[in-house]
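> I'd like to ask some things about the structure below.
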Amino acid sequence: MRSKQGSDTIKPLDLTLPVRSCIGCRKRANPSALIRVVLVDGKVIPDLKGGAAGRGAWLHKKCAEGAISRGAFVFAFKTNKAQTEAVDVSELQQYLLTNEWI
Ligand SMILES: [Zn+2]
């Protein structure tokens with residue numbers, strides 16, 4: 001195992017802080033290592049400021065594309081089958097392309 005020091009190193013889990021599960025890789029992490037997204041009117045929106053109303057889910061930035069391609073948001077937000085097609089990740093995808101996350 002490498003023990004490289006650096007800002008890219010994944011932060012160790014600090015159990016004194018809240019712990020969330022990434023919907024991409026299912027690993028647990030502290031919120032500071034994750035991005036919160038919320039479902040608003042069928043759209044998955046990055047909640048960078050925190051506290052946005054709506055159902056929330058957490059994921060690593062690096063897991064976002066995988067989560068999108070696997071349709072993980074449908075499960076994360078527990079939308080029923082009839083609504084599967086209604087989960088719109090275009091805003092999240094746009095955000096991935098145009099913004100720096102963490
Ligand atoms: Zn992850």
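The values are calculated or read from the model by the stated rules, or taken from the named source; none is laboratory data. Owing to the predicted nature of the structure, the values given are computational and were not obtained by experimental measurement. Every residue, glycine among them, receives a Cβ derived from its backbone with ideal geometry; neighbour counts consider all protein chains shown.
> Are there any pairs with C-beta distances below 6 angstrom linking a residue in segment 52-65 that is closer than 12 Å to residue 89 by Cβ and in a strand (DSSP E or B) to a residue that is at pLDDT below 90 and more than 11 Å from the ligand (Cβ to nearest atom), with the two at least 6 apart or on different chains, and if so which?
Every condition considered, the pairs that remain are 57/76.
> Go through segment 12-24 residue by residue and tally those that are out of contact with any Leu (no Cβ under 8 Å at 6 or more places or on another chain) and surrounded by 14 or more Cβ atoms within 10 Å (Cβ to Cβ). Give the derivation first.
Taking segment 12-24 first, the residues out of contact with any Leu (no Cβ under 8 Å at 6 or more places or on another chain) are 12-18, 21.
In the following step, the residues that additionally are surrounded by 14 or more Cβ atoms within 10 Å (Cβ to Cβ) were identified as 21.
Residues in segment 12-24 being out of contact with any Leu (no Cβ under 8 Å at 6 or more places or on another chain) and surrounded by 14 or more Cβ atoms within 10 Å (Cβ to Cβ): 1 in total.
> Quick check on my filter: what residues within segment 30-48 are part of a loop (DSSP other than H, G, I, E, B) and either within 10 Å of the chain's Cα centre (by Cα) or within 15 Å of the ligand (Cβ to nearest atom) (or both)?
30, 34, 47
> Something else: List the number of the failed condition for residue 63; all other conditions in (1) touching a Leu at 6+ places or on another chain (Cβ under 8 Å); (2) modelled with pLDDT of 85 or more; (3) not acidic (Asp, Glu) hold.
It fails just one condition, (1).
> When the residues of segment 15-29 are narrowed to those that are out of contact with any Ser or Thr (no Cβ under 9 Å at 6 or more places or on another chain) and either over 21 Å from residue 93 (Cα atoms) or at pLDDT below 90 (or both), which ends up nearest to the ligand (Cβ to nearest atom)?
Ranking the candidates gives 20 first.
> If you take the residues in segment 25-47 that are farther than 17 Å from residue 63 by Cβ and among the charged types (D, E, K, R), which one is surrounded by the fewest Cβ atoms within 10 Å (Cβ to Cβ)?
Out of the qualifying residues, it is 41.
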